[in-house]
Structure formats: structure tokens, C-alpha cells
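Note sheet for the following structure.
Rule-based calculations on the coordinates, nothing more; no lab input. Everything quoted here is computed from the prediction, not taken from an experiment. In this analysis, Cβ positions are derived from the backbone assuming ideal geometry, glycine residues included, and neighbour counts consider all displayed protein chains.
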Amino acid sequence: MWARPDNRVKIVLFGVVKNAGFKRQVSPGDVLERECTRTKRRGPVGIGVCTATVNGETACTAELIFAIQ
């Protein structure tokens with residue numbers, strides 16, 4: 001969605017975090033990697049499933065609802 005040239009200058013607003021699950025504590029100095037996959041889109045509003053990992057170990061998962069302005 002953000003790769004499209006017309007969306008590169010737009011602002012992404014996060015509206016809702018659903019089904020968040022925290023699996024491990026993240027400490028200062030840890031490298032947090034985040035991966036998000038868009039699952040649905042209707043106009044400027046989308047839903048994505050995100051996972052955050054530290055050293056390949058899942059730290060957090062959540063479903064995010066966002067809008068592009």
C-alpha cells in the first residue's frame with residue numbers, strides 16, 4: 001500500500017490495536033524487528049497483522065486498524 005507513489009507523501013494514522021499479545025519483555029539494547037502484513041483494505045482504511053521479534057523470538061503480536069490520509 002505504501003509502495004504506491006501516490007501514498008508516499010500521505011500520513012498513516014493508527015486507530016485501533018486489537019488482540020495484542022505480549023510474549024516476552026523487551027529490554028533496552030534489544031533489536032526489535034517488526035513485520036506487518038495487510039489482511040484487509042476498504043478505501044483508505046486497512047487492517048494489518050503485526051509481529052514484533054527479538055533475536056527471532058516473538059515478543060508481541062497484534063492486529064492494527066489504520067487509515068491513510
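The figures follow:
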read-out: Label-point gap, in nm, between Val49 and Asp6 - each point 7 angstrom along Cα→Cβ; value: 2.9
read-out: Free-standing Cys, the chain [no other Cys Cβ under 4.7 Å]; value: Cys60
read-out: Sites matching chymotrypsin sites (Phe, Trp or Tyr not before Pro) across the chain that sit in DSSP coil, with at most 12 neighbouring C-beta atoms within 10 Å; value: Trp2
read-out: Normalised convex hull volume, the chain, alpha-carbon set, Å³ per residue; value: 109
read-out: Simple spin-label estimate for Thr61 and Thr39 in nanometres, 7 Å along Cα-Cβ; value: 1.0
read-out: Within the chain: Cβ-based charge dipole about Cα centre, in debye rounded to nearest 20 (Lys, Arg +1; Asp, Glu -1); value: 380
read-out: Sparsely packed trypsin sites (Lys or Arg not before Pro) within the chain, loop by DSSP, other Cβ within 10 Å at most 11; value: Arg8
